[in-house]
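Worksheet: one structure, shown below.
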Amino acid sequence: MSAASEPQVVTRFAPSPTGYLHIGGGRTALFNWLYARGRGGKFLLRIEDTDRERSTPEATAAILKGLTWLGLDWDGEVVSQFERRDRHAEVAHEMLARGTAYKCFSTQEEIAAFRAAKEAEGASYAVFLSPWRDADPTGYPDAPYVIRMRAPRTGETVIVDEVQGRVVIKNETLDDMIVLRSDGTPTYMLAVVVDDHDMGVTHVIRGDDHLNNAARQQMVYDAMGWRIPVWAHIPLIHGPDGKKLSKRHGATGIEEYQAMGYPAAGMRNYLTRLGWAQGDAEIFSTEEAVQMFDLKGIGRAPARLNFKKLENTCGHHIAMMDNAALLHELEGYLAAAAQPALTPAQHDRVANALPAVKDRAKTFPDLIEKLQFSLISRPVVADPLAAATLDSVSRGILRELTPRLQNASWTKEALEPILADAAAAHGIGFGKLAAPLRAAIAGKTVTPSVYDMMLVIGRDETVARLTDAAQ
RNA sequence: GGCCCGUUCGUCUAUCGGUUAGGACACCUGGUUUUCAACCAGGUAAGAGGGGUUCGACUCCCCUACGGGCUGCCA
């Protein structure tokens, strides 16, 4: 806990609701969450829905759902940027009153013409200079106008960024950006600054596609005399081929990862390590991540998604997860993947089987596959390969075996000598005997340990399955 | 076009002027074994290119190449 006198850390995640929660957005949210949680701070959520054309309530719901699945809880109510439009307009007018902004009556056609003329002169791209910047208000026409920032024309704006270092932008390369549109609605550049300020955001951790924008936004902070937050612009995530992540790379939405069966804790671990490092730390719990995470460890180069490593990381987490929690999340996966839920009987068996198989699975589908023997019920249908191991000799051995199993005490120690004897009696190794046992119990040639399966399904079920197979 | 950011094994990264350039994933080999995994041991593999600065550069500076971003009355 930080001392009461120290300013509290406040971070935020501010997605625009135009689609599902992108994997890159998920990581940005995670970094903000980690940073705040590790410092006893607050993590806020704001939906940037000022673009009424593209914003949808479905997208907002999908984003909240994605964050919830990732386990990133936010503090307070979700803020709608759109609902704060009056406040944004108020600030724009205050800037007007302070003289740090002005009314511009130039039409979009005039701006286009201005640029065309400059290009014709040979200039490549021109910063638009509004003729209204220094116009006399008495000459204002009775026409629609936008409010533009009166940005400094000379000098430079310095962004001190925790990730990118000191970034210097020449003011002459920046135009007088519009803060309030002609319809009275705010632009993004104004809205973010006003909201971040009003929400008390102290650390802005976001994608580095906003690095240049930070200079413009910093001008608004200065214009209003507000305290500039700590900036941390993090590199975006790229696809395995190093290109910007897109649909072409497959899964880009967080919810797809849940449906593919990656546990949330593994996802958090992987995403934390993607573009951030602290020494050789690779596998860590979320609690440890909260303690370790810092801005210093964030790299400056975009990182590529690597599914093999994601799987490996998830495998570690499935193995170290508490059984009850694992079972609960497994059921969540089943629902997300639109698969039938576990019956009460299956639920109990899976609970028993989990300890024996969880350290062998990397994902939930993987886990389900390995749990198959505990999910099925008699009669066990053997696949062709497994069926082939149930020849007459093997069936004979199984018939001999079942009576001895009836009276055995049901522990691995007690079962081992019985099975070893059965194999020895027929002059075969245990491996040879294991094959028909797998076929009888699971109907497959590849299964978890024979003993583990027997112990999980119990004596009666084991004997029944062996008897079925020995027919 | 202009401006900004980036570039260490295939991938994620450590290194913060002096190291046999370390770890993890993947891959290969061997071990273990009851199938598949897991696990254990070992191995292959890197500073984009070129100039400087320095006794000494992966590390600092410049140029080039390549990648990315911004340049909207989108966010």
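The criterion of at least 2 residues that are under 49 Å from the mean Cα position of the chain (by Cα) is met by the following helices (runs of 4 or more DSSP H) wholly inside segment A:350-426: A:364-375, A:384-389, A:412-425.
When A:Ala353, A:Ala341 are checked against the criterion of being of a type in the set (A, V, I, L, M, F, W, C), out of contact with any Lys or Arg (no Cβ under 7 Å at 6 or more places or on another chain) and either on the phi > 0 side of the Ramachandran plot or touching a residue at least 24 places away in the same chain (Cβ under 8 Å) (or both), A:Ala353 stands alone in meeting it.
From the list A:Ala112, A:Ala29, A:Ala36, A:Ala92, the one residue that fits, being in a helix (DSSP H, G or I) and more than 26 Å from A:His197 (Cβ to Cβ), is A:Ala112. On the basis of being in a loop (DSSP other than H, G, I, E, B) and either within 15 Å of RNA strand B (Cβ to nearest atom) or surrounded by 16 or more Cβ atoms within 10 Å (Cβ to Cβ) (or both), does A:Asp51 make the cut? So A:Asp51 fits the description; yes. Taking the criterion of being touching a Gly at 6+ places or on another chain (Cβ under 6 Å) and without any contact (Cβ under 8 Å) to a residue 40 or more places away in the chain, the residues of segment A:264-285 that qualify are A:Ala277, A:Gln278. Considering A:Val446, A:Val456, A:Val357, A:Val381, the condition of being within 30 Å of A:Ala336 (Cα to Cα) and touching a Pro at 6+ places or on another chain (Cβ under 7 Å) is satisfied by A:Val357 alone.
Only one entry in A:Leu245, A:Leu236 is surrounded by 16 or more Cβ atoms within 10 Å (Cβ to Cβ) and touching a Pro at 6+ places or on another chain (Cβ under 6 Å), namely A:Leu236. For first residues located in segment A:166-177 and more than 11 Å from A:Met219 (Cα to Cα), partners that are more than 7 Å from RNA strand B (Cβ to nearest atom) and outside any strand (DSSP E or B) and lie 6+ apart or on another chain with Cβ distances below 6 Å form the pairs A:Ile169/A:Ala215.
Scanning segment A:308-319 turns up no residue that is buried (at least 21 other Cβ atoms within 10 Å of the Cβ), in contact (Cβ under 8 Å) with a residue 40 or more places away in the chain, touching a His at 6+ places or on another chain (Cβ under 9 Å) and not acidic (Asp, Glu).
The set of residues in segment A:287-309 that are more than 6 Å from RNA strand B (Cβ to nearest atom), part of a helix (DSSP H, G or I) and either at pLDDT 95 or above or over 16 Å from the mean Cα position of the chain (by Cα) (or both) comprises A:Glu287, A:Glu288, A:Ala289, A:Val290, A:Gln291, A:Met292. Considering only residues of segment A:200-221 that are among the aliphatic types (A, V, I, L, M) and under 23 Å from the mean Cα position of the chain (by Cα), which is nearest to A:Val10 (Cα to Cα)? Per the criteria, the residue is A:Val201. Residues in segment A:166-220 that are among the acidic types (Asp, Glu) and out of contact with any strand residue (DSSP E or B) (no Cβ under 8 Å at 6 or more places or on another chain): A:Glu172, A:Asp175, A:Asp183, A:Asp198, A:Asp209. Looking across A:Asp176, A:Asp183, A:Asp209, one residue alone is within 7 Å of RNA strand B (Cβ to nearest atom) and assigned to a loop (DSSP other than H, G, I, E, B). It is A:Asp183. The residue that is farthest from RNA strand B (Cβ to nearest atom), counting only those in segment A:149-165 that are assigned to a loop (DSSP other than H, G, I, E, B) and within 34 Å of the chain's Cα centre (by Cα), is A:Glu162. A single member of A:Val146, A:Val194, A:Val168 is crowded, with 17+ Cβ neighbours inside 10 Å and near RNA strand B (Cβ under 9 Å from one of its atoms), and it is A:Val146. Scanning segment A:63-77 for residues that are away from RNA strand B (no atom under 15 Å from the Cβ) and in a helix (DSSP H, G or I) yields a count of 7. For segment A:95-109, which positions are in a helix (DSSP H, G or I) and aliphatic (A, V, I, L, M)? Once the filter is applied, which keeps residues that are in a helix (DSSP H, G or I) and aliphatic (A, V, I, L, M), segment A:95-109 yields A:Met95, A:Leu96, A:Ala97. Taken over segment A:18-41, the criterion of being in contact (Cβ under 8 Å) with a residue 60 or more places away in the chain, surrounded by fewer than 21 Cβ atoms within 10 Å (Cβ to Cβ) and more than 16 Å from the chain's Cα centre (by Cα) is satisfied by A:Gly38, A:Gly41. Selection within segment A:378-424: residues that are surrounded by 14 or more Cβ atoms within 10 Å (Cβ to Cβ) and hydroxyl-bearing (Ser, Thr, Tyr). The member of this set that is farthest from RNA strand B (Cβ to nearest atom) is A:Thr402.
The values are calculated or read from the model by the stated rules, or taken from the named source; none is laboratory data. The shown structure was predicted, so the numbers you read here are calculated from the model rather than taken from an experiment. FYI the Cβ positions are ideal-geometry reconstructions off the backbone, even for glycines, and counts take in every protein chain you see.
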